[in-house]
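One structure is given here, and the rest of the page talks about it.
The values are calculated or read from the model by the stated rules, or taken from the named source; none is laboratory data. Remember, it's a predicted structure, so these values are computed and weren't measured experimentally. We place every Cβ from the backbone using ideal geometry, glycine too, and count neighbours over all the protein chains shown. SASA here: full protein model, heavy atoms, side chains in, ligands and nucleic acids out. Shrake-Rupley method; radii C 1.70, N 1.55, O 1.52, S 1.80 Å.
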Amino acid sequence: MVRPVVLGLGLLLSASPALAQIGPPNPDANRDGKVTWPEYKVMAGGQMIDQLDSDKDARISKAEFKSMMDKVRVFAGAAMVARATDRFNQDDQNRDGYMTRAEAEAAAKTRFDAGDINKDGWLSKAERQDMRKASRGGSGN
């Protein structure tokens, strides 16, 4: 299934969900209540690239991204697409129009570190909720 980039790009990317289940995916792979950097990296970097890279060249082009955003718009609306597009443009560090795994992971690490308020090396449910809220401009929606 395809996940919006907001996750994380958080398309995305913080924000990260299947089209039938719009919303952030749960990066807590082992369900221990703690999201570690390796867990977050898989969700915010690896899975996103794998799911959106339709031509399998190990990067997401603007055309691949736009194709996904056309689908996301139907389920999540224009505001979600605008946030995801902003995130894609911000995370494309070399401005070449492609999102590589390295760029996605670097951006995810920045978000992870910023979200880890108490600097204990993992994200609690409250820290993840704060990250989602911040990615939506401070609203809880």
The one condition in (1) closer than 20 Å to Asn26 by Cβ; (2) modelled with pLDDT under 95; (3) of a type outside the set (Phe, Trp, Tyr) that Ala58 fails to fulfil: (1)
The listed residue being in contact with a strand residue (DSSP E or B) (Cβ under 8 Å, 6 or more places away or on another chain) and open to solvent by 70 Å² or more (accessible area, probe 1.4 Å), out of Arg101, Arg87, Arg128: Arg101
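Condition check ((1) hydrophobic (A, V, I, L, M, F, W, C); (2) assigned to a loop (DSSP other than H, G, I, E, B)) across all residues:
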position: Asp57; (1), (2): no, yes
position: Met69; (1), (2): yes, no
position: Glu103; (1), (2): no, no
position: Asp130; (1), (2): no, no
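Which residue, of Asp70, Asp28, is open to solvent by 50 Å² or more (accessible area, probe 1.4 Å) and of a type in the set (Asp, Glu)? I'd like the intermediate steps shown before the answer.
Values: Asp28 fails: open to solvent by 50 Å² or more (accessible area, probe 1.4 Å).
On inspection, the qualifying residue turns out to be Asp70.
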Filter pass, Gly46 being open to solvent by less than 60 Å² (accessible area, probe 1.4 Å) and within 25 Å of Asp113 (Cβ to Cβ): yes
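Considering the range 50-67 alone, what residues qualify as being open to solvent by 70 Å² or more (accessible area, probe 1.4 Å), under 16 Å from the mean Cα position of the chain (by Cα) and of a type outside the set (Lys, Arg)?
Pass one, the range 50-67, residues open to solvent by 70 Å² or more (accessible area, probe 1.4 Å): 50, 54-56, 59, 62-63, 66.
So of that shortlist, the ones also under 16 Å from the mean Cα position of the chain (by Cα) come out as 50, 59, 62, 66.
If the condition is that a residue be open to solvent by 70 Å² or more (accessible area, probe 1.4 Å), under 16 Å from the mean Cα position of the chain (by Cα) and of a type outside the set (Lys, Arg), then Asp50 is the only one that fits.
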First in the range 39-54 and assigned to a loop (DSSP other than H, G, I, E, B) and among the charged types (D, E, K, R), second anywhere and surrounded by fewer than 23 Cβ atoms within 10 Å (Cβ to Cβ) and at pLDDT 85 or above, Cβ under 7 Å, 6 or more apart: Asp53/Arg59; Asp53/Glu64
